[in-house]
Each structure stands twice: as structure tokens, then as C-alpha cells.
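Let me begin by presenting the structure, written as C-alpha cells, before commenting on it.
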Amino acid sequence: MTSLKLRHSVRAIVLDEEDRVLLCRFVLREPAGRVVLWAAPGGGLAPGEGPLDALHRELREEVGLALDGGDPPHVWHQEIVDPAVSRGYDGVVNDYYLVRTASFAPRGELTDEELAAENITGTHWWRAPEIVGYRGPDLFSPRDLGTPLTALLTGGVPERPVRLGL
């Protein structure tokens, strides 16, 4: 039996006082062409790094948000076994944490060149209805982001992390 090589990542559902969610714009070059993907800020765990330490680091690097206070609640869990999702891996595991903050102008510690090397080309504050009603060419991660986001906004923090699909 072969064990899968999965990329473990953390992501933050960053919500402001107006319940807008901050998403990063990723431009991915795929064999079929260019794909634009809107996803929560975050990324992979460095060797020996715990999930919350990674979350703190990724938020500082990508959007310039320093977390203070207690640990944010773990709200969603996603496992995708598909080599096409993350180059060099058999799939991904994403753990999402809820971060409430005042609205801010995102500007991380990474330079524009460093962000571009991570395929990040911008950020945007989205309202849940905008995501649900979006009919443009860009994709969201997860694809049905509007559904779990709306449930989170209306139902609050779940007792245990909600399992997400692609």
C-alpha cells in the first residue's frame, strides 16, 4: 500500500466588520491555459511548523495581518486527492480558521515579485452574495465557497470543522 503525499496548508477566512471576506487572486498557468482562482490567504506548513504558527506567518506575508489574542477557531477542513491540484503532490489538505478583524488595506511583507512567485496577483474584499451570484470566468476555492461562507455567517462557528469538497 502506497501512502499519499499530501500538501498540508492552512487558510484564513478573514472577515471584516461588514462580514466581507478577504480573498487572494491567484493566476495559475495550467496546461489548458490560464486560470484565475480566488482563495483565502494562507499556504503550506514549513517543516516543523505547527498550523497556527503557519497561519500567523502566512497572514503577515501575504496580506499584512498580525493576529493577536487567542487562537482563531478551526471552521473548515478540506482534503482533495488529485495530483492536478498541487504540483509535486498527490493532493492537498487545507484547514481553514476564522479570523475577525477591522477592514484594512491588504499589503503583506512579501514583495510584489515574491507574491507573483506564489501566483498571487491581488486581493479583494468580497460579500457572500457577490460570491454566490458570481457568473464570471474566475473560480473560487472551494468552488462552492458561497455555500459554506453563508452557513458560517448565518450559523456561526461550527462545533467541529465542516468538511469541504473541491
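The values are calculated or read from the model by the stated rules, or taken from the named source; none is laboratory data. Keep in mind that what you see is a predicted model, and the values were worked out from it rather than measured. Neighbour counts run over all protein chains shown; Cβ positions are idealised from the backbone, glycine included. Areas reflect the complete protein model, heavy atoms only, side chains present, ligands, DNA and RNA absent. Shrake-Rupley method; radii C 1.70, N 1.55, O 1.52, S 1.80 Å.
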What are the ³J(HN,Hα) values, in whole Hz, obtained from phi via the Karplus relation 6.51 cos²θ - 1.76 cosθ + 1.60 with θ = phi - 60°, for each residue of the stretch 85-91 in sequence order, with x given for Gly and Pro? 7, 9, 4, x, 10, 7, x
What value, in deg cm²/dmol to 500, does the helix sum -39500 (n - 2.57) over DSSP H runs of n ≥ 4 give at 222 nm once divided by the residues of the chain? -6000 deg cm²/dmol
Write down the accessible area per residue of the stretch 84-166 in Å², having rolled a 1.4 Å probe over the full set of protein chains. 60
Per residue accessible area in Å² of the stretch 1-65, where ligands, DNA and RNA are left out and the probe is 1.4 Å: 48
Search the structure for amide H atoms under 5 Å from the amide H of Ile13, placed 1.01 Å from N in the peptide plane, and list their residues when 5 or more places away or on another chain. Tyr97, Leu98, Val99
Length gain on complete extension for the stretch His77 to Val157, per 0.36 nm per residue less the alpha carbon to alpha carbon distance? 27.5 nm
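Just the number, please: carbon plus sulfur as a percent of the accessible area of the stretch 1-82, 1.4 Å probe, no ligands or DNA/RNA counted. Write out the running numbers ahead of the final one.
On the way: 2060 of 4060 Å².
That fraction is 51 percent.
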Less than 15 Å Cβ to Cβ from Val36, Lys/Arg counted +1 and Asp/Glu -1: what total charge do the surrounding residues give? +2
